[in-house]
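The values are calculated or read from the model by the stated rules, or taken from the named source; none is laboratory data. These numbers were taken from a predicted model, which means no experiment stands behind them. With ideal geometry, Cβ positions are generated from the backbone for all residues, glycine too; neighbour counts draw on all protein chains shown. Heads up: the accessible areas ignore ligands, DNA and RNA and are worked out on the full protein's heavy atoms, side chains in. Shrake-Rupley method; radii C 1.70, N 1.55, O 1.52, S 1.80 Å.
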Amino acid sequence: METMTTLTSPAEFTIQRPNYSHTSAIRWVFSHVIRHNWVIVMVFLGAFGNAALAALVPVLVGDAFNAMLQPMPDTRALIPLALLIGGTQVIRGILQLGRNFGAELLGQRLEAEIRDELYISLLGKSMTFHSLQPVGDTMARATNDVREINLMFNPGMNLVIGSFFFLVMPIVAAPRYHPALLITPVLFAIAYFASLARYLKTLQPISDEVRASFGNMNSHLSESLDGVETVKGAAQEDSEVERFVLNAKRVRDAFIKQGDIEARFIAFLLYGIAIALGLTHALFLFREGLLNTGQVIAYFGLLRMLDFPTFTSSWAYTQVSMGLAGARRILELINRETDLDQNAAGHSAEMKGEIEFRNVTFTYPDTERAQRVSDSGESVLNSVSFKVKPGQTVAVVGQTGAGKTSLVKLINRTYDINDGQVLVDGMDVREWNLASLRSQISMIEQDIFLFSRSISENIAFGRPGATQDEVEAAGKAAQAHDFIETFEKGYETVIGERGVTLSGGQRQRLALGRAFMTDPRILILDDSTSAIDSATEDKIQRAISAAARGRTTFIITHRLSQIRWADLIIVLRKGRVAAMGTHDELMQTSDAYSRIFQE
Ligand code: TTP
Ligand code: MG
């Protein structure tokens, strides 16, 4: 039985996975490989058999020469030898196939396994992790580095193992002609491994650099494609191109450096020396009468086997080195700490929807911007306190950058606070089981994210398996039904396909549909978009009041019509509560509040 443990903890989301070692890249890859034991056996048997049968050819050819050099040559002796060579080489072909097949299988399986492991681990990381880790770099690791691990096995390890046995065979077979003939293959093996060790040592930092510069190029590329509208809007294409060219140059330079080191690998020289030395030695023994002609020829043939390790060595080991560099980068990502703990043992209960902030202070994790903010001594939120009863509607207002979005993200622990307390139903959010907490809070973000899937699937995102009727009911409640029906394929319309894009107001209503589906106890609506025509506005208004019914609702908005009927209005200014109360109270008492409507 395999032991099962949870993947890297602490995490926000875990799944039962086999117990892989995470201490070093080699051990980690090994812990993956070892689970495919019969494939490993196949690779080694194939590699060994292939080399042994390859060694048989020079041995048999030597015998054939000796048979011909008899005073009375017997040509009939050649026929069984020829048949033997032919037969064994067919078997050798099959064994070689086994080795190649096994290595390919291992590579593909590991690629899939490691990709899964990485994906699960990425889903388990906190938002803190994701906001600090560039998407392009993650993409490069999840695609190219994982691919390098595949290539590390085929052709990498495949040829390393295959050629290793070719190195061993001359050492095994040479003594059958004369023990002294061991000298050349043994010396070759020693020199070969010594130069290989040095080669790999110089290669490792370059492999790391190749992988890193590639990830870097990718992350810049994905960022500028993501922001292509901004780039074009600001006519910054040229400077983006320049940056890209610079990054591409770094990748190129790293590859050139790698090629340079490969070219200096001295295995070719060693091979030449070994052939010359071995032949001289054999001829010397021949003159002494210690070897006959057939034996010299067989020995020479055995030495020729060393060309396989020689020729594959430079690039097969490079492949392994690159694979290990990729493995290090993936493992680093998997092992990187994630700050939030899902607190699986925490409080898990049906939520009533009471929320309290007690002296909450919050600063974003260590980004450059947060650094600047905290350097100036200002937190994003400062001693924020308020209390909301279950079922109430709270409007959060304030100028841009006041901290409205940040405030609501603390409720479901998208981020953890630095000081104070956030309580839901009188219980600190950190005491809650994270999954229980989040499944009862629905958040409609400022920029609504829709997946490139059907409208149905987008609405039912929080409840896969919902029936079509349920989805349509949610669509109707969210006032989205009418516009969805105008699409040719209705609810089955795939967003982003054939030019189907949605307006801000439409996206918002789909997101509201999502909220209806999951029926959360707390609904958070970050609606800072303002320019929407009045007909749509009216619809959204109706959808929101329907959604707010029977649950605690936070609305971040600039629209007076929505703010008015809130039970509590929180006015934020530069991360502090500037005023708090109902609309009527605030209109009389708060300058800050009335000022918002004058902008
Ligand atoms: P927000 O909380 O995003 O401000 P806001 O929602 O009130 O503004 P808007 O009306 O424009 O939506 O930001 C408050 C501060 O926190 C601001 O200085 C930017 C900073 N911040 C970060 O450092 N990292 C983040 O991920 C976010 C969202 C904000
Ligand atoms: Mg905001």
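If a residue must be in contact with an Asp or Glu (Cβ under 7 Å, 6 or more places away or on another chain) and farther than 14 Å from Leu324 by Cβ, how many such residues does the range 181-215 contain?
Of all residues in the range 181-215, those in contact with an Asp or Glu (Cβ under 7 Å, 6 or more places away or on another chain) come to 211, 215.
When the remaining residues are screened for being farther than 14 Å from Leu324 by Cβ, the result is 215.
Residues in the range 181-215 being in contact with an Asp or Glu (Cβ under 7 Å, 6 or more places away or on another chain) and farther than 14 Å from Leu324 by Cβ: 1 in total.
Which one is nearest to the chain's Cα centre (by Cα) among residues in the range 508-529 that are at pLDDT 85 or above and within 16 Å of ligand 2 (Cβ to nearest atom)? Full working, then the answer.
Going residue by residue through the range 508-529, those that are at pLDDT 85 or above are 508-526.
Checking the rest, the ones that are also within 16 Å of ligand 2 (Cβ to nearest atom) come to 508, 511, 524-526.
On the way: Gln508: 31, Ala511: 28, Ile524: 30, Leu525: 31, Asp526: 30 Å.
Across the range 508-529, the extreme among qualifying residues is Ala511.
Per-residue answers, yes or no, for (1) surrounded by 20 or more Cβ atoms within 10 Å (Cβ to Cβ); (2) free of Cβ contacts under 8 Å to residues at least 60 places away in the same chain; (3) not aliphatic (A, V, I, L, M):
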{"residue": "Pro134", "(1), (2), (3)": "no, no, yes"}
{"residue": "Phe165", "(1), (2), (3)": "yes, no, yes"}
{"residue": "Ala173", "(1), (2), (3)": "yes, no, no"}
{"residue": "Phe188", "(1), (2), (3)": "yes, no, yes"}
{"residue": "Lys201", "(1), (2), (3)": "no, yes, yes"}
{"residue": "Ala212", "(1), (2), (3)": "no, no, no"}
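Has the range 394-414 got any residue that is more than 28 Å from Ala548 (Cα to Cα), within 16 Å of ligand 2 (Cβ to nearest atom) and modelled with pLDDT under 95? Spell out the reasoning first.
Here is the first cut: in the range 394-414, the residues more than 28 Å from Ala548 (Cα to Cα) are none.
No - not one qualifying residue is present in the range 394-414.
For the range 508-588, please list each of the strands (runs of 3 or more DSSP E) lying entirely inside it that holds at least 1 residues being among the acidic types (Asp, Glu) and within 25 Å of Ala402 (Cα to Cα).
Details: elements: 522-527, 552-557, 568-573, 576-581.
Correct list: 522-527.
For the range 533-544, does any single residue satisfy the condition of being closer than 30 Å to Asp482 by Cβ and of a type in the set (Ser, Thr, Tyr)?
Of the residues in the range 533-544, the ones closer than 30 Å to Asp482 by Cβ are 533-544.
With the extra rule that they be of a type in the set (Ser, Thr, Tyr), the set shrinks to 534, 536.
Scanning the range 533-544, I find at least one residue that is closer than 30 Å to Asp482 by Cβ and of a type in the set (Ser, Thr, Tyr), so the answer is yes.
From the residues in the range 400-411 that are open to solvent by less than 20 Å² (accessible area, probe 1.4 Å) and closer than 15 Å to Ser126 by Cα, which one is farthest from ligand 1 (Cβ to nearest atom)?
Ile411
Taking the range 284-310, which residues are in a helix (DSSP H, G or I) and without any contact (Cβ under 8 Å) to a residue 12 or more places away in the chain? Give the steps one after another, and end with the answer.
Within the range 284-310, the first condition is being in a helix (DSSP H, G or I), and the residues that meet it are 284-287, 293-304, 307-310.
Once the filter is applied, which keeps residues that are in a helix (DSSP H, G or I) and without any contact (Cβ under 8 Å) to a residue 12 or more places away in the chain, the range 284-310 yields Phe284, Phe286, Arg287.
What are the residues in the range 267-291 that are closer than 14 Å to Phe188 by Cα, aromatic (Phe, Trp, Tyr) and open to solvent by 80 Å² or more (accessible area, probe 1.4 Å), if any?
Listed by number, the list holds a single entry, Phe268.
May I ask you to list the residues in the range 518-528 that are open to solvent by 10 Å² or more (accessible area, probe 1.4 Å) and away from ligand 1 (no atom under 16 Å from the Cβ)? Step through it out loud before you land on a result.
Initial filter on the range 518-528 (open to solvent by 10 Å² or more (accessible area, probe 1.4 Å)): 518-519, 521, 528.
Selection gives Thr518, Asp519, Arg521.
Here is a yes/no grid of residues against (1) away from ligand 1 (no atom under 14 Å from the Cβ); (2) under 27 Å from Leu512 (Cα atoms); (3) aromatic (Phe, Trp, Tyr):
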position: Gly550; (1), (2), (3): yes, yes, no
position: Thr553; (1), (2), (3): yes, yes, no
position: Arg559; (1), (2), (3): no, yes, no
position: Ala566; (1), (2), (3): yes, yes, no
position: Val571; (1), (2), (3): no, yes, no
position: Gly575; (1), (2), (3): no, no, no
position: Ala579; (1), (2), (3): yes, no, no
position: Asp584; (1), (2), (3): yes, no, no
position: Gln588; (1), (2), (3): yes, no, no
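Looking at the range 537-544, can you tell me whether even one residue there is within 15 Å of ligand 1 (Cβ to nearest atom), open to solvent by 60 Å² or more (accessible area, probe 1.4 Å) and either within 28 Å of Lys352 (Cα to Cα) or in contact (Cβ under 8 Å) with a residue 24 or more places away in the chain (or both)? Give the derivation first.
As a first pass, look at the range 537-544 and keep what is within 15 Å of ligand 1 (Cβ to nearest atom): none.
The answer is no; no qualifying residue exists.
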